[in-house]
Amino acid sequence: MNEVKIQWHPGFVAAINLELAENREDLIYEKEYNLNTKPLEIDLLVIKKNREVQITNEIGRMFRGHNILEYRSPEDHLDIDSFYKAGAYASLYKAYGERLDERKAEDITVSLVREAKPNGLFRYFKEHGRKISNPYPGIYYVLDGVLFSTQIIVTGELDGRSHGWLKSLSDHLKKQEMEALLKRARSLSGKLDRELADAVLEVSVKANREIVKELKGDEAMCQALLEIMEPEINQIVRQAREEAIRQAKKEAEESAIRMIKLQKYTIEEIHEIIPKLSLDEIKRLVKNVEQV
């Protein structure tokens, strides 16, 4: 059990963007798409600008004009009720068009994404005669009993060479898989790609702390991790520095106020003893003390 609460969904959105990078110009991403009231949110809505464009990545082969993606973290279940809930979201999305039948049912797809295969859900399908096809490793199409074209993506079964980003959203990566993720992220050159990779990496690092500890002994991997996480590290350092400055300023002001209350020191003497404060700042403190 991880002590730190891991925010899986930002990593998922980033991973999907990276998986579909070859068609980035053809797609519009709407994360946490609000259906109506706040509790009704689609995890990710991917809209194809041109319905005729074919997505090259296997997870997007089924995509049409409007594509609803629901993600389940390793901690979440994907059961029959979750399955129907995703279908209900798709129905609401279809119904909330600006004009009657503006969003055609045949132009909407549903994708449910989870690392482990939801065996209970597949058992339900079998017991109820639902037909399932498995056109690609880790990708299952639900062929009947649905209002919209639906697929279930089991990221743990995906080909790691083709779908390394999604497979990295796991809390039990192996050392070689983490190394491959670091190398893949390090090889990216575009600003957007690197930012997306950082989002995936942040999730993977938090979820696999023991593996990261092992990599700290590998100089090359450690350097790669530092390079990739440099913006986050810089932000942490900057925040720590700013907090230290604020704390030092606060302590200096508290010391100055004590000296002012003693009424034994001039403003110039206080400034000489506490040079962190300017004469104007000390004068302001004097005025505040006198007004109390």
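The values are calculated or read from the model by the stated rules, or taken from the named source; none is laboratory data. Not measured: the values here are computed from a predicted model. All Cβ positions, glycine included, derive from the backbone under ideal geometry; neighbour counts span all protein chains shown.
General observations
- At least 1 residues being charged (D, E, K, R) and either within 24 Å of the chain's Cα centre (by Cα) or modelled with pLDDT of 95 or more (or both) is the threshold, and among the strands (runs of 3 or more DSSP E) wholly inside the stretch 81-143 those reaching it are 108-114.
- Matching residues in the stretch 168-210 - criterion: being among the hydrophobic types (A, V, I, L, M, F, W, C), surrounded by fewer than 18 Cβ atoms within 10 Å (Cβ to Cβ) and over 17 Å from the mean Cα position of the chain (by Cα): A180, L188
- Which listed residue, of P118, P137, P74, is surrounded by 14 or more Cβ atoms within 10 Å (Cβ to Cβ) and free of Cβ contacts under 8 Å to residues at least 60 places away in the same chain: P118
- Which listed residue, of I55, I42, is in the same structural domain as A21 (by TED's automatic domain parsing) and part of a strand (DSSP E or B): I42
- Test set (1) assigned to a helix (DSSP H, G or I); (2) more than 27 Å from A185 (Cα to Cα) - E25 fails condition number: (2)
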